[in-house]
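Shown next, in C-alpha cells, is the structure this report addresses.
Derivation of every value follows stated rules applied to the coordinates shown; laboratory data play no part. Being a predicted model, the structure only gives us computed values, none of them experimental. Note that each Cβ is placed from the backbone with ideal geometry, even for glycine, and that neighbours are counted across all protein chains shown.
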Amino acid sequence: MTTTLITGANKGLGFETARQLIEAGHTVYIGSRDPERGRRAAEQLGARLVVLDVTDDASVAAAVKTIEADGGLDVLVNNAGVEGRGEGNTVVGAADVTADMLRSVFETNVFGVVRVTHAFLPLLRQSAAPVVVNVSSGLGSMALVTAPDTPTYAYPGVAYPASKTTVNMITAQYAKAFPAMRINAVEPGYTATDLNGRTGTQTVAEGAEIIVRMARTGPDGPTGGYFDASGPVPW
Ligand SMILES: NC(=O)c1ccc[n+]([C@@H]2O[C@H](COP(=O)([O-])OP(=O)(O)OC[C@H]3O[C@@H](n4cnc5c(N)ncnc54)[C@H](OP(=O)(O)O)[C@@H]3O)[C@@H](O)[C@H]2O)c1
C-alpha cells in the first residue's frame, strides 16, 4: 500500500492528482490550509484530510504527527503554489515588482517546499520506495524563458518564474543528497485553474498526468529530473 500526501489539494491540479492517485490505488492525504474546503474535497474524493498550511511550521509539524501515527509516508507531492498577481489581477513585471512581493510568493512556492520536505524526510526515509514530486512550471525554465521563439518568453512576471527556477534547483540538490529517493520536478503545462483565472488551455486531467506519472515512479525510475508530459524539459 502506497501512502501519498499532496499539498494544496483541495482544488485544481492537486485535487485532480489526488483523484487519479486514489484511482491507481494510493492511500491519499490531501493537504488543505482551510479545514472546511479540505473537508469538502476529501469527502468528494474519498481521501484523508490533513489541515496543512505550507507557510506555517506548526501546521506542518501537526500533519507529520498525524501521518506518522497512521503508519508513515511513501510519496510527497509538493503542489501548493501561488502566482502572486498584483492589483487588478495583473502579472507584475520587472518595473513594479518589489522585494515584499517576491518574499510572499517564495514563502509558499519555495520555503513551503523546503519546510514540508524537511519535516517529512524522517518518514520518507523509512519508506521502501520514497518519492518526492515538486510541482514546478515551464516558467521556471531558464532555457525557455530566454528563448525568444517560445510562449514562455513572453511572460513578463518576475516572482513566480524565479520561485519555480528555485524549486528546480532545490529538486536537483535534494535528488543528489538522497539517492534512495526518486525526486523530480514537473511542469504540468498551462492548465485551467483558479491560479490563472481559468485561462489555461489544458484540462486538470491533462495537467495532472505528469504529476501522477512521477508520483508513481518506482525505485528504477528517474531522479533529479524536470519533466512535462512529453519528456525532459530544458533547465
Ligand atoms: N495551472 C497552471 O497552468 C500551472 C502551470 C504550471 C504549474 N502550476 C503549478 O501547479 C500547482 C497547483 O496549481 P493550480 O494551477 O492547481 O492552482 P490552484 O487551483 O490555485 O490551486 C493551488 C492550491 O494551492 C493551495 N495553497 C496556496 N497557498 C497555500 C499554502 N500556504 N498552504 C497550503 N496550500 C496552499 C491552494 O489552497 P486555497 O484553496 O486555500 O487557496 C490550492 O489548493 C502550483 O504549484 C502551480 O504553480 C500550475
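Summary table
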| item | result |
| --- | --- |
| Relative exposure of 211, 30, judged by other C-beta atoms within 10 Å (fewest first) | 211, 30 |
| Two-site FRET efficiency, residue 65 against residue 149, from Cβ-Cβ distance with R₀ of 41 Å, rounded to 0.05 | 0.25 |
| C-alpha center-to-center spacing [the stretch 17-65, the stretch 81-121] in angstrom | 21 Å |
| Relative exposure of 6, 210, judged by other C-beta atoms within 10 Å (fewest first) | 210, 6 |
| Choice from 15, 120, 178 showing the highest fluctuation, given a GNM over the chain with Cα pairs closer than 10 Å | 178 |
| Estimated FRET transfer efficiency when R0 is 30 angstrom, pair residue 48-residue 104 (beta carbons, to 0.05) | 0.50 |
| Overall Cα dimensions of the stretch 3-232 - principal axes, largest extent first, Å | 49, 39, 31 |
